[in-house]
1. Do you know which of the residues in the stretch 1-17 that are among the hydrophobic types (A, V, I, L, M, F, W, C) and in contact with a strand residue (DSSP E or B) (Cβ under 8 Å, 6 or more places away or on another chain) is modelled with the highest pLDDT?
2. So, of the residues in the stretch 91-111 that are exposed (fewer than 15 other Cβ atoms within 10 Å of the Cβ) and of a type outside the set (Gly, Ala, Ser), which turns out to be nearest to the ligand (Cβ to nearest atom)?
3. Only one of (1) part of a loop (DSSP other than H, G, I, E, B); (2) in contact (Cβ under 8 Å) with a residue 60 or more places away in the chain; (3) among the aromatic types (Phe, Trp, Tyr) is not met by Phe6, so which one is it?
4. Which of the residues that make up the stretch 48-90 are aliphatic (A, V, I, L, M), more than 10 Å from the ligand (Cβ to nearest atom) and either under 21 Å from Pro126 (Cα atoms) or not assigned by TED's automatic domain parsing to the domain that holds Ala120 (or both)?
5. Here are some residues: Leu160, Leu202. Which one is in contact (Cβ under 8 Å) with a residue 60 or more places away in the chain and within 30 Å of Met92 (Cβ to Cβ)?
6. Could you look through the stretch 19-47, keep only residues that are in contact with a Ser or Thr (Cβ under 9 Å, 6 or more places away or on another chain), touching a residue at least 40 places away in the same chain (Cβ under 8 Å) and more than 18 Å from Thr217 (Cα to Cα), and pick out the one that is nearest to the ligand (Cβ to nearest atom)?
7. Which residues, counting only those in the stretch 191-214, are touching a helix residue (DSSP H, G or I) at 6+ places or on another chain (Cβ under 8 Å), outside any helix (DSSP H, G or I) and under 20 Å from Glu23 (Cα atoms)?
8. Any chance you could count how many residues in the stretch 167-186 are surrounded by 14 or more Cβ atoms within 10 Å (Cβ to Cβ) and over 17 Å from Ile104 (Cα atoms)?
Amino acid sequence: MDNNKFYQVFATDYHKIFPVNSEVVNSFAKYLKRGPLLDVGTGTGEYAAYFTDHGFKVTGIDLSDEMIETAKLRHKNITFKTANMLEYTKPMTFLNIICLGSTIAHLASKAEISAFIILALNNLQPNGVLVIKTLDYSFVLDNHIMSMPTLLSSDKTTSLERKYELVNNELYFCTTLKTKDALYSTKTKLFPVTKKLMEELLKEYNYTITKHERQLTIIMHK
Ligand SMILES: C[S@@+](CC[C@H](N)C(=O)[O-])C[C@H]1O[C@@H](n2cnc3c(N)ncnc32)[C@H](O)[C@@H]1O
């Protein structure tokens, strides 16, 4: 099952399992500048809605038509577009670009992550800020942690079982989504981003990287 299929089946329930997390917001909100904000890999637009409510003019993009359809239905006042983060070219348009929830781990290689960073910096106005948040997958690679706690929605109607598989050094995120009507098992290939890899990739740039538990926060200023 390819990545698109994973988000296709998950689109209507994603927000129940992954609502806005205030710790995530607090880890970077102070770096944002009042002005246009692009949310890359917006999913169902939960963070796009949060920042709209806090006074930002937000555009959300995502590769998955189904995620974008759900985002449009859930948040009617926001501009959402189906687009590949590697192809979305809007030079000097945004003051803030955020890419949350390990979206960069959905790219295929170091070269694609570099290409995304170059494109994102190009899409920023002078003095704009790029925020990337991702899991540091070294905990899987180094410790062979294969299984993660099951997530349950607050209304207890939906759950997501999660584990990782390493096959020939390739990382797969394997999930079983249970809703009151259905059960879906899916497998998504991820690129195992680590702090070390990001430090290598970003050595030519001005950036800060912090690690809290397994989460990396990367802040780059144009
Ligand atoms: C784990 S979700 C994160 C959603 C949201 N940002 C959050 O933090 O809850 C990753 C999202 O990235 C999207 N995605 C994957 N590859 C992409 C690409 N090349 N361009 C744009 N979006 C992509 C997926 O469709 C999915 O909605």
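The values are calculated or read from the model by the stated rules, or taken from the named source; none is laboratory data. As the structure is a prediction and not an experimental result, all values here were calculated from the model. As a convention, Cβ positions derive from the backbone with ideal geometry for all residues, glycine included, and neighbour counts pool all protein chains shown.
1. Keep residues of the stretch 1-17 that are among the hydrophobic types (A, V, I, L, M, F, W, C), which gives 1, 6, 9-11, 17.
Retained after the next criterion (residues that are in contact with a strand residue (DSSP E or B) (Cβ under 8 Å, 6 or more places away or on another chain)): 1, 6, 9-10, 17.
Details: Met1: 39, Phe6: 74, Val9: 77, Phe10: 80, Ile17: 90.
Only one residue fits best here, namely Ile17.
2. The first filter runs over the stretch 91-111 and keeps only residues exposed (fewer than 15 other Cβ atoms within 10 Å of the Cβ), leaving 91-92, 108-111.
Filter once more, keeping what is of a type outside the set (Gly, Ala, Ser): 91-92, 110.
Numbers: Pro91: 18, Met92: 20, Lys110: 15 Å.
Within the stretch 91-111, the match that is nearest to the ligand (Cβ to nearest atom) is Lys110.
3. (1) is the only condition that Phe6 fails.
4. From the stretch 48-90, those aliphatic (A, V, I, L, M) are 48-49, 58, 61, 63, 67-68, 71, 73, 78, 83, 85-86; that's our starting set.
Now restrict to residues that are more than 10 Å from the ligand (Cβ to nearest atom): 49, 58, 73, 78.
Once the filter is applied, which keeps residues that are aliphatic (A, V, I, L, M), more than 10 Å from the ligand (Cβ to nearest atom) and either under 21 Å from Pro126 (Cα atoms) or not assigned by TED's automatic domain parsing to the domain that holds Ala120 (or both), the stretch 48-90 yields only Val58.
5. Working: Leu160 fails: within 30 Å of Met92 (Cβ to Cβ).
Answer to the selection: Leu202.
6. Restricting to residues being in contact with a Ser or Thr (Cβ under 9 Å, 6 or more places away or on another chain), touching a residue at least 40 places away in the same chain (Cβ under 8 Å) and more than 18 Å from Thr217 (Cα to Cα), the top hit is Gly43.
7. Ile209, Lys211, Arg214
8. Qualifying residue count, the stretch 167-186: 8.
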